[in-house]
C-alpha cells in the first residue's frame, strides 16, 4: 500500500456555525489543524481537500495540498459523506492510483498525527478492509426514552447491574477518521464493510465541534492536553 491518500471533506455551508471549517480555533482556521496533522503522517502520500467553498480551497492551497471542487448538489446538508468520498476518489484516480483512503473529519481537531499513523499501521498489520477511530466508552450507563414516558436501559441491564470492574468494555465510534480500501467503498457504499477494525484513541480526543457551545470546551481540551506538548503534530 504505497499510495495512501488523505481526503478531507470540508464544505462551506453550516447552519449551526456559519463557515464552520474556517472559524478560529486555538489561533488557526479549524481546517488547518487536520491539514497539519495529515502532513506529519509519513504513511500518507498525498492530501486532498474537497469543498464547494472557494475560501476553503484557497486555504488548502496555502497549505500546499491538493484541492477538489465539489459540486453544490454534493454539498447540501442532506448530502452524505459517502457521496463526497466517491466523488473525491474518482477525481484523484484520474491522476494517481489509490491503495487506501484515509478520511479526516475537520471538525474533530483534537487528535495527533500519531493517532492516524498508528491506525494505518494496524490496518496493514491486520489486513483490514475498513477501520474507524474509537474511544472506550467507560462507565456511561445509557438509557433511551420509549413510548408513554417510559425509559429503557440500552447498554446494560438495569435489573442485573454488575460491578464496573467486571463489565465488558464498550467502544464509541468518535468520527475523527475512517480508513477504507477504495474497492470496498465502491462496492458497499459504506465507510465500514468487509473486515472491520477500530483504532483506539483517548476518550478526550472524541469531542468535536458541532455548535458554538463546543468551541470553548474543545479549546480548553486542546490547550490543556496538546498545545503544551512541544511534540504536537510530530509522528512519534
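Derivation of every value follows stated rules applied to the coordinates shown; laboratory data play no part. Keep in mind the model is a prediction, meaning the values are calculated, not measured. Cβ placement follows ideal geometry from the backbone for every residue including glycine, while neighbour counts extend to all protein chains displayed.
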Long-range tail of P(r) for the stretch 73-154 (Cα pairs > 14 Å, %): 77 percent
By Cβ neighbour count within 10 Å, fewest first, 9, 227 rank 227, 9
Based on DSSP, what percent of beta bridges with both residues in the chain are antiparallel, to the nearest 5? 45 percent
Expressed in µm² per second, the diffusion coefficient of the stretch 61-111 from the Stokes-Einstein equation, with Rh the Kirkwood radius over alpha carbon pairs, at 4 °C and 1.567 mPa s, is 102 µm²/s
GNM, the chain, Cα, under 10 Å: largest mean-square fluctuation among 209, 116, 23? 23
Among 1, 222, which comes first, then next, by fewest other beta-carbon atoms within 10 Å? 1, 222
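At 222 nm, what helix-only mean residue ellipticity would the chain give, in deg cm²/dmol to the nearest 500, using -39500 (n - 2.57) for each DSSP H run of four or more?
-8000 deg cm²/dmol
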Grab the Cα-Cα distance for residue 204 and residue 46, subtract it from 0.36 nm times how many residues apart they are, and report the gain in nm with one decimal. 54.1 nm
Reported to two decimal places, what Rg/Rh ratio describes the stretch 1-104 when computed on Cα atoms with Rh from the Kirkwood expression? 0.95
What percent do you get for the relative contact order of the stretch 1-60 when only Cα pairs under 8 Å and 6+ apart count? 47 percent
For a label point 7 angstrom out from the Cα of residue 90 toward its Cβ, which stretches of the stretch 45-60 have the backbone nitrogen within less than 20 Å? 48-53
Once both axes come from the Cα atoms, what is the angle between helix 212-221 and the longest principal axis of the chain, in degrees from 0 to 90, rounded to 10? 90 degrees
Estimated FRET transfer efficiency (residue 1, residue 157; beta-carbon r; R0 35 Å; 0.05): 0.25
Highest mean first, how do 102-108, 70-76 rank when packing is the count of other Cβ atoms within 10 Å averaged over residues? 102-108, 70-76
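Considering all alpha-carbon pairs of the chain, what whole percent are spaced by more than 25 angstrom?
45 percent
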The stretch 20-73: spread of alpha-carbon positions along the three principal axes, whole Å, largest first, is 33, 27, 17
Taking Cα atoms, the helix 30-39 axis meets the longest principal axis of the chain at an angle in degrees (rounded to 10) of 80 degrees
For the chain, set up a GNM with springs between Cα atoms under 10 Å and report which of 113, 80, 46 has the largest fluctuation. 80
Pull out a ≥ b ≥ c, the square roots of the eigenvalues of the alpha-carbon gyration tensor of the stretch 104-236, then state rounded if a/c is under 1.5, prolate if not and a/b is larger than b/c, and oblate in the remaining case. oblate
Going from the alpha-carbon gyration tensor of the stretch 155-221, what semi-axes, largest first and in whole Å, does one get by taking the root of 5 times each eigenvalue? 27, 24, 11
Degrees between helix 113-126 axis and first principal axis of the chain (Cα, 0 to 90, nearest 10): 80 degrees
